[in-house]
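Chemist: Provided herewith is a single structure, encoded as structure tokens, for subsequent inquiry.
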Amino acid sequence: MGTDIHGLIECRAWAPGLDAGETSWHAAIDLTMLGMVTRDYEAFACLFGVRNYSGLWRPVVADRGLPPDASTTTRAELSSWGAAAFGTTWPTWTEISAIDWNEPATPGATRIARYHRAPDGTLHLTDPAVWPRAFARASGINTLTTDPSSIPDLCPEGTLAEVHGTENVRLVVWFDE
């Protein structure tokens, strides 16, 4: 049985109905829009402690649960998974941007990879490390005419954090099998 990731990026901001200066968390982007619906088990283990069976990773943000001030949309989406959901956790943009992506993995760890599920249900490695084209398309980039190496320059990191502040953007995730 495989493990899938679900979740939303939330931003804390003012919204109609709040007092002046008051803010609350709002769902901004569903992970499916970012192409994060693949089963990258090494990423799950490294970032969230899910499927870290061998203990090769020191997870960045494991087992935090749902933030107590999570948005109504995020609460409803997580609730729709019922008892099937597990591993709920969240990092802020501040925590994500502080990750040393060049830090060597623990000995024995493998690279993050993308797999494709064949009609017979088996998984096949399609790329050992890939930037999701689905995110580029969702961002309005024509992936047929744009050089893939230029995409990171078109979509700089931290855009939401620049608008809302680094502590006001977070990723809320959960998993199911």
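Chemist: Go through segment 1-44 and give me each residue that's in a loop (DSSP other than H, G, I, E, B) and aliphatic (A, V, I, L, M).
Modeler: Within segment 1-44, 1, 15, 18, 20, 36, 37 meet the criteria.
Chemist: Under 7 Å between Cβ atoms, which residue pairs at least 6 apart in sequence (or on different chains) link something in segment 8-27 that is farther than 14 Å from residue 165 by Cβ with a partner that is open to solvent by 60 Å² or more (accessible area, probe 1.4 Å) and assigned to a strand (DSSP E or B)?
Modeler: Listed pairs, sorted by first residue: 15/26; 24/12.
Chemist: Out of the residues in segment 1-60 that are over 16 Å from residue 173 (Cβ atoms) and aliphatic (A, V, I, L, M), state the one that is surrounded by the most Cβ atoms within 10 Å (Cβ to Cβ).
Modeler: The selected residue is 13.
Chemist: Now, a different point. In segment 67-81, which residues are open to solvent by less than 60 Å² (accessible area, probe 1.4 Å) and within 21 Å of residue 41 (Cα to Cα)?
Modeler: 78
The values are calculated or read from the model by the stated rules, or taken from the named source; none is laboratory data. All values reported here derive from a predicted model rather than from experimental measurement. Here Cβ is always computed from backbone atoms with ideal geometry, including for glycine, and neighbour counts include all displayed protein chains. What goes into the accessible areas is simple: the full protein's heavy atoms, side chains included, and nothing from ligands, DNA or RNA. Shrake-Rupley method; radii C 1.70, N 1.55, O 1.52, S 1.80 Å.
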